[in-house]
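Presented below is the structure to which this report refers.
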Amino acid sequence: MEEDLNSEAMAQMYEASFRNIEEGAVVRGRVVKVTPEGVMIDIGYKSEGIVPIDQFQREELERLAPGAEVEIFIEDREDSEGNVLLSKEKAEKIKVWESIARASEQGEVVEGRVVSRIKGGLTVDLGGVKAFLPGSQIDLRPVRNFDQLIGQTFQMRILKMNARRGNIVLSRRVLLEEERNKRKEQTLGTLKEGQVVRGTVKNLTEYGAFIDLGGIDGLLHITDMSWGRIGHPSEIFSVGDKVDVVVLKYDREHEKVSLGYKQRLPDPWSQVGGKYPVGKRVRGKVVSLAEYGAFVELEPGIEGLVHVSEMSWTHKVRHPSKLVSVADLVDAVVLNVDPNNKRISLGMKQAEPNPWDTIARRYPVGTRVEGKVRNITEFGAFVGIEEGIDGLVHISDLSWTRHIKHPSEVLKKGQKVDAVVLHVDPEKERISLGIKQVTGDPWESLIPETYTVGKSVQGKVVRQTEHGVFVELAEGIEGLIYASELGRDEGGKAASLNVGDEVTAEIIKVDTAERKIGLSMRARQRSTEREATGEYNQGQQSLSTTLGSLLREKGI
């Protein structure tokens with residue numbers, strides 16, 4: 001009877017203790033034993049449950065021993081064998097959710113690892129709970145490559161949380177903004193003009209670089225990067241570089257900061273007067289070309305200009321690229337220095353001897369030279385007598401005898417010719433040449449001896465003028481038949497001539513000073529008539545003599 005009471009009492013006690021076990025609760029239990037199928041845990045109230053073995057990591061199983069405490073989730077009151085079903089995984093998740101909920105309520109920071117990329121952002125693991133990190137909340141600036149963040153761990157703050165739906169939205173940006181604002185307040189409190197500060201190159205543009213000084217950005221303009229010439233900020237800086245800069249101007253009200261990099265060093269132009277006196281020979285690198293000249297870097301921050309007019313003694317330079325290229329090393333002479341306006345004038349030609357200084361000695365008047373025709377103009381031809389030295393042959397010095405309207409009638413570009421130096425002007429850098437002077441003047445002896453007054457000549461009409469017609473007597477020799485000397489035709493009218501007609505005329509004038517030969521068809525006609533009359537009279541005399549002799553012989 002007593003045993004029945006004890007059994008009945010124990011059953012009542014068990015039922016009472018079991019009723020105290022609430023499904024879905026997280027409780028602490030003690031390990032009773034570990035089996036291949038699971039871990040038996042005493043959850044109190046005279047009750048034991050089993051957690052499946054696969055919910056434990058190998059390292060955890062090695063540490064588990066009877067009596068060890070673990071937190072578990074009561075999943076169901078009992079299974080078919082009467083054991084309470086437990087879950088370690090759900091207990092851990094509930095614990096994480098409780099921690100996340102507490103962090104969300106109190107605005108605390110949570111830490112998570114990026115596990116994957118999804119549309120619009122990233123999936124983050126918060127200790128077994130998945131959360132969403134939108135792309136706009138990843139960084140202060142837009143992130144273009146989300147894949148590079150997978151596997152990284154960040155600290156974030158919870159923006160939204162819905163435990164019922166299991167949704168969590170995170171933000172890393174809010175923490176970065178808070179950190180930036182703190183640094184900004186610190187920076188603004190200590191920043192002052194003239195101060196040297198250290199910053200990070202944040203962004204590069206064509207006109208400068210933005211430097212992060214600690215929560216506030218300053219602009220380093222391209223003109224304040226170097227005392228010398230630079231084409232783009234990327235020639236000196238890269239994004240992420242740590243640089244020391246000088247605060248040039250600070251507008252606290254509008255939070256604008258202007259920075260300088262070159263100001264850390266003395267202005268090289270402050271000593272340029274003594275370092276580069278006028279007349280000093282220098283060597284530098286061509287860094288830029290313009291239509292009017294070339295800029296030559298003498299040292300970092302110091303450039304001089306070689307004007308096109310100072311590049312060559314002998315060449316007329318239309319553009320500096322004809323003689324130099326960027327990066328060429330050139331020798332020059334300092335012509336002028338203006339430190340106030342930061343200008344140095346250089347001359348390349350002054351670094352070489354001026355060939356015009358010795359031109360009169362090397363090519364005295366009367367010297368015979370040989371050269372190629374470089375250029376032909378209406379008034380003459382330029383002949384190169386040495387590199388960069390041309391002499392002008394005026395159209396009047398091309399021929400002694402020919403009437404030349406344009407030099408191209410007798411010369412071609414590239415043609416080799418012989419000439420004689422007629423005049424040298426070193427100051428104006430001019431040499432006058434003559435081609436006809438290579439041979440003697442035919443008007444001095446040859447023409448007067450060959451074409452004498454009264455001589456009958458033949459020629460071809462080559463052109464007509466108001467005053468008469470010109471007749472070519474020989475190569476380069478012409479005579480003029482004035483209109484009054486054209487003579488008469490068979491009908492007694494004035495003769496009419498056309499270009500190309502062959503004519504016979506008599507020389508009536510030879511003027512060596514004016515280089516003219518006067519011709520007359522009338523004079524030739526008169527001479528012909530006289531010759532004919534003389535022959536007739538002579539015939540008559542001969543006939544009379546013959547008849548007289550005959551009569552005398554016959555005694556008549």
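The values are calculated or read from the model by the stated rules, or taken from the named source; none is laboratory data. Quick caveat, the model's predicted, so the values are computed rather than measured. Cβ placement follows ideal geometry from the backbone for every residue including glycine, while neighbour counts extend to all protein chains displayed.
So, of the residues in region 92-149 that are aliphatic (A, V, I, L, M) and part of a helix (DSSP H, G or I), which turns out to be modelled with the highest pLDDT? Taking the candidates together, the pick is Leu149. For region 272-295, residues that are surrounded by 15 or more Cβ atoms within 10 Å (Cβ to Cβ) and among the hydroxyl-bearing types (Ser, Thr, Tyr) total 2.
Taking Gly260 as the residue in question, decide whether it is of a type in the set (Gly, Ala, Ser) and in contact with a helix residue (DSSP H, G or I) (Cβ under 6 Å, 6 or more places away or on another chain).
Working: of a type in the set (Gly, Ala, Ser): yes; in contact with a helix residue (DSSP H, G or I) (Cβ under 6 Å, 6 or more places away or on another chain): yes.
Taking the combined requirement at face value, the residue satisfies it.
Output the residues belonging to region 159-177 that are part of a strand (DSSP E or B) and in contact (Cβ under 8 Å) with a residue 40 or more places away in the chain. Lay out the reasoning, then the answer.
Narrowing region 159-177 to residues part of a strand (DSSP E or B): 159-162, 167-171.
Selection gives Met161, Ile168, Leu170.
Which residues, taken from region 111-165, are of a type in the set (Ser, Thr, Tyr) and under 41 Å from the mean Cα position of the chain (by Cα)? Spell out how you get there, then give the answer.
Residues of region 111-165 of a type in the set (Ser, Thr, Tyr): 116, 123, 136, 153.
Scanning region 111-165 gives a single hit, Ser136.
Checked against (1) in a strand (DSSP E or B); (2) at pLDDT 90 or above; (3) among the β-branched types (Val, Ile, Thr), Val324 passes all but a single condition, namely (1). Which of the residues that make up region 502-556 are basic (Lys, Arg) and modelled with pLDDT under 75? Matches in region 502-556: Arg530, Arg552, Lys554. Restricting attention to region 293-321 and to residues that are of a type in the set (Ser, Thr, Tyr) and outside any loop (DSSP other than H, G, I, E, B), the residue that is nearest to Ile431 (Cα to Cα) turns out to be Ser309.
Within region 138-158, residues that are farther than 13 Å from Thr123 by Cβ and among the acidic types (Asp, Glu) have Cβ atoms under 8 Å from residues that are modelled with pLDDT of 90 or more and surrounded by 10 or more Cβ atoms within 10 Å (Cβ to Cβ) in these pairs: Asp139/Arg172; Asp139/Arg173, counting only partners at least 6 apart in sequence or on another chain.
Restricting Ile431, Ile385 to those that are at pLDDT below 90, surrounded by 14 or more Cβ atoms within 10 Å (Cβ to Cβ), touching a strand residue (DSSP E or B) at 6+ places or on another chain (Cβ under 7 Å) and outside the structural domain of Asp511 (by TED's automatic domain parsing) reduces the list to Ile385.
Inside region 35-75, residues that are at positive phi and loosely packed, with under 11 Cβ neighbours inside 10 Å make up a count of 1. In region 231-271, the qualifying residues are those that are surrounded by fewer than 15 Cβ atoms within 10 Å (Cβ to Cβ) and hydrophobic (A, V, I, L, M, F, W, C), and the one that is nearest to the chain's Cα centre (by Cα) is Val239.
Identify the residue in region 318-332 that is in contact with a Leu (Cβ under 7 Å, 6 or more places away or on another chain) and of a type outside the set (S, T, N, Q) and, among all such residues, is surrounded by the fewest Cβ atoms within 10 Å (Cβ to Cβ). Applying the filter and picking the extreme gives Val326. Checking each residue in region 392-409 for being in contact with a Leu (Cβ under 9 Å, 6 or more places away or on another chain) and within 28 Å of Pro426 (Cα to Cα) picks out Leu392, Val393, His394, Asp397, Leu398, Pro407. Here Trp227 fulfils each of the conditions (1) surrounded by 12 or more Cβ atoms within 10 Å (Cβ to Cβ); (2) assigned to a loop (DSSP other than H, G, I, E, B); (3) modelled with pLDDT of 90 or more apart from (3).
Conditions: (1) hydrophobic (A, V, I, L, M, F, W, C); (2) free of Cβ contacts under 8 Å to residues at least 60 places away in the same chain; (3) touching a helix residue (DSSP H, G or I) at 6+ places or on another chain (Cβ under 9 Å). Trp313 meets all but one. Number of the miss? Condition (2) is where Trp313 drops out.
Among the residues of region 94-129, write down those that are in contact with a Phe, Trp or Tyr (Cβ under 8 Å, 6 or more places away or on another chain), under 26 Å from Phe56 (Cβ atoms) and either buried (at least 17 other Cβ atoms within 10 Å of the Cβ) or touching a residue at least 60 places away in the same chain (Cβ under 8 Å) (or both). Once the filter is applied, which keeps residues that are in contact with a Phe, Trp or Tyr (Cβ under 8 Å, 6 or more places away or on another chain), under 26 Å from Phe56 (Cβ atoms) and either buried (at least 17 other Cβ atoms within 10 Å of the Cβ) or touching a residue at least 60 places away in the same chain (Cβ under 8 Å) (or both), region 94-129 yields Ile94, Gly112, Val124, Val129.
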